[in-house]
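Okay, structure first, notes after.
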Amino acid sequence: MKPMNTSSSSPLSTNLSTFTKIISFSLLSFSVFVVFKCFSAYTIPTPQNQQLSFSNTNPAAETTPLAPSPPVTQRPVLERTGIINELGTMTEDFLVGEFDEGLIESIVVVSNTSDERGERKVVRVEKFSICEMNMNDYAPGLDDVDSDFQLNLSEKGKGLDCLVPRPKGYKLHIPWPKSRDEVWFDNIPHTLVDRVNKDPVLRKDDKLVFPGDGPQFIRGTNKYLDQISKMVPEIAFGRHTRVALDISSGLASFGAYLLERNVTTLSIAPRDVHHNQIELALERGVPAMIATFGRHRLPYPSQAFDLVHCSRCGVNWTVDGGILLLEANRLLRGGGYFVWEAEPVYKSENELGEQWRAMEDLTSNICWELVNKEEYIAIWQKPLNNSSYLNREPNAQPSLCSSDDNPEDIWYAEVKACITRLPENGYGTNTSDWPARLHSPPDRLFTIQMDAEKSRKELYKADSKYTNEIVRGYVGAFHLNQMNLRNVMDMKAGYGGYAAALVDFQFSSWVMNVVPVGGPNTLPLIYDRGLIGVMHDWCEPFATYPRTYDLLNAVGLFSVEQRRCNITNIMLEMDRILRPGGRVYIRDTTAVIEQLEEIAKAVGWVPFMFDSGEGPHSNWKLLACEKRL
């Protein structure tokens, strides 16, 4: 038998071998395809989605198979602009030096606007331009209408759309108390310097000097105040008399010298384009604002002032049935004093004698008592209650105001030719002496229209503690007490706690407490505490000249006013009244602060945003701004 030849193959085996190769190749191709498809599901790192990570790189870890990752959501590419700092990273926090007033670009967020998806819109505007140079003394909306300088109602809701320029040669103001006696000449535009004015101003080199004597107070202001104290010792400046009103008495020397006696005096006068009385008073660092007796009630509460002073103020008190003196009576606290220094007091011939007799008759009819008359000064005292009014003849004139008359209705309210009733419970007349009245909860706390009833004293004390902590924080963080801040405004004053805290910390400053018209009228409380203030609508300009305040404080103001006012206009108005070198502190919700930060940059301030005292997760932030010279 022959052996089998194993090297030869049959046709069938050859076909099977070929088929096996084809199947193997197909399986290999399919495997490669699957592997490729699997790896392609992973996102290749790019500059947009790459992140730094730290992992263990030991060999054992390298042999561990990777678990499949979930699909990665692609994020949109973010475009950022900013400044590359010294570390090579982009930042939006940087400071600039002197800015070009003609090239102030602004980014303004318009509040209460959103697109269809509910997202806030950011509206980019070209710039806030600089106003014409002839507007460097611009006080908007204050018109001379029949000698009644009131806010023009036709201008309600309108505001500036440019930045008021400062005068050529403007300098940072002279610190108090030196500023009481001298100010920089170039800081006050259009000043008429002569001795015809009741309060003399002298030009000495590059300064205006106020000697403190002259036609108004011949013996000097301090001797004039000494004379008043001797005539009526019960006035007791700085103790019983804490808040005074000085009416059109020149350049506020009466108030300037009373500050030494612990009396805060608000000086008012109409706008005077020749003498700029109020502007000069504020430059000196004396409380003052543009206002005058006229057709409307003054924006101050009833029983506000412990003393009202008129030294040759030019007001005809007996005209139209004494309607202007009746407004002064509304403002005067029960038991308070009215001081009148005028020619009719000591000259009895002809017309002057008739004026004195008319004044005697009118003051008698409104039950004022003439407590003393000496040389050219007459001093009356207002009654403490309504008993003397009710004991008059039934048809006596002027009559008592009706029981439904609200003496605190003061915003654009016309004056009334009637005697304002005093509260039967004695509220407003029974204040403590200074300084105890600063922190004692006033009785008129219970007359404010607000939600709380029984807890009002607790709210009052809590507000005092809260504002005191705010000021303490500002002193510690910003060295607020070292900034030469003299004229201060609290734009939403509440109970006046911020001003009281500045007194507690012995700041050399005074505060204008502003109570917005849309909130509770807390002005009576502020005056009962021995502070001063005014009611105001922030949709309108404030009654003052440009560059008159060193510090503007606003807590919770914009989140309320943005519902009815243009907050950009409010910021431009703040810039108008803020002195170069001044500060702005705004505490509000985060969304509002972000809007205001952009507007602050647009007006040329240097803003800084901080977390509030409640911590980084609070919905409130602090915006601190500086207006640089």
*Share of antiparallel DSSP beta bridges in segment 184-390, in percent to the nearest 5?*
45
_Using alpha carbons only: equivalent-ellipsoid semi-axes of segment 184-390, gyration tensor based, whole Å_ = 28, 18, 17
*Karplus couplings for segment 332-338 from phi (6.51 cos²θ - 1.76 cosθ + 1.60, θ = phi - 60°), rounded to Hz, Gly and Pro as x?*
7, 5, x, x, x, 10, 10
*Determine, for GLU597, GLU341, the number of other Cβ atoms within 10 Å of each Cβ, and report the residues in order from fewest to most.*
GLU597, GLU341
*Fewest to most neighbouring Cβ within 10 Å: what's the order for ARG284, ARG295, ARG312?*
ARG295, ARG312, ARG284
*According to the square roots a ≥ b ≥ c of the eigenvalues of the Cα gyration tensor, what is the shape class of segment 435-579, taking rounded for a/c under 1.5, prolate for a/b larger than b/c otherwise, and oblate for the remainder?*
oblate
*What's the extension gain from ALA477 to ARG219 if we count 0.36 nm per residue and subtract their Cα-Cα distance?*
88.2 nm
_Need one number: nm distance between label points at GLU414 and GLU354, each 7 Å from Cα along Cα→Cβ, rounded to one decimal._
2.8
*Residue among ASN484, PRO442, THR429 farthest towards the positive dipole end of segment 402-485, charges placed on Cβ*: ASN484
*Answer with one residue from SER267, ASN365, VAL315: the one whose Cα lies farthest towards the positive end of the charge dipole of segment 184-390, charges on Cβ with Lys, Arg +1 and Asp, Glu -1.*
SER267
*From the residues LEU325, LEU390, ASN350, which one has its Cα farthest along the dipole of segment 184-390 in the positive direction, the dipole being from +1 and -1 charges on Cβ of Lys/Arg and Asp/Glu about the Cα centre?*
LEU390
*Using a Förster distance of 60 angstrom, determine the FRET efficiency expected from the C-beta separation of CYS162 and TYR346, and round it to 0.05.*
0.75
*What nm distance separates the two modelled labels at ASN395 and ARG563, each placed 7 Å from Cα along Cα→Cβ?*
5.2
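We did not get these values from a lab; they are worked out from the coordinates using the rules stated. These numbers were taken from a predicted model, which means no experiment stands behind them. Glycine also receives a Cβ, built like all others from the backbone with ideal geometry; neighbour counts cover every protein chain displayed.
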